[in-house]
Amino acid sequence: MDDVIENPNNNEAALYDWAQSTTENLATTIVVPKIQAESFQITNNMLHLLQNKALFSGSYIEDPQQQLTNFLSICVTQRQPNVTPEAIRLLLFPFSVTGEAQTWLNSLPINSITTWEELVK
């Protein structure tokens, strides 16, 4: 992002370059198992459902067990041939957290979560 600040006359191009290099090198905390399906898509409806019914920010007034219950009840509705339920859960989980919970998830070492059990712990 420093390029954007240093080059005020070309912010759009600098931001595009930064986004391209970041996307190409993006590594995540969660390792999603290989999906053997010919196609797999997360629909906008699924994302809206997650963010409306299972969004968790890590606030002290939220119940993490209830969030996981809500999250899992949504995930079981997502069935795809050749896609394991665990892969679906691991793939969708980052879309269900925000705020402090997302900061926590992003602070974990890259590729440190490889199973649903590890994520729950």
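The values are calculated or read from the model by the stated rules, or taken from the named source; none is laboratory data. For clarity, every value in this text was computed on a predicted model and none was experimentally measured. When we count neighbours, we look across all protein chains shown, and the Cβ atoms used for this are built from the backbone with ideal geometry, even at glycine. Only protein heavy atoms, including side chains, enter the accessible area calculation; ligands, DNA and RNA are left aside. Shrake-Rupley method; radii C 1.70, N 1.55, O 1.52, S 1.80 Å.
Brief remarks follow.
- Restricting attention to segment 1-58, the residues being over 24 Å from L90 (Cα atoms), open to solvent by 50 Å² or more (accessible area, probe 1.4 Å) and modelled with pLDDT of 60 or more number 2.
- Among the residues making up segment 102-121, those that are part of a helix (DSSP H, G or I), of a type outside the set (S, T, Y) and free of Cβ contacts under 8 Å to residues at least 60 places away in the same chain are Q102, W104, W116, E117, E118, V120.
- Any chance D63 is over 19 Å from the mean Cα position of the chain (by Cα) and at pLDDT 75 or above: yes
Matching residues to (1) of a type in the set (A, V, I, L, M, F, W, C); (2) open to solvent by 40 Å² or more (accessible area, probe 1.4 Å); (3) in contact with a helix residue (DSSP H, G or I) (Cβ under 9 Å, 6 or more places away or on another chain):
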residue: Q66; (1), (2), (3): no, yes, no
residue: I74; (1), (2), (3): yes, no, yes
residue: P81; (1), (2), (3): no, yes, no
residue: I88; (1), (2), (3): yes, no, yes
residue: F95; (1), (2), (3): yes, yes, yes
residue: E100; (1), (2), (3): no, yes, no
residue: T103; (1), (2), (3): no, yes, no
residue: S107; (1), (2), (3): no, yes, no
residue: N111; (1), (2), (3): no, yes, no
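- Figure legend. Inter-residue proximity from segment 27-39: first residues within 13 Å of L119 (Cα to Cα), second residues surrounded by 15 or more Cβ atoms within 10 Å (Cβ to Cβ) and among the small types (G, A, S), beta-carbon distance below 6 Å, spacing 6+ or different chains. Indicated pairs: V32/A87.
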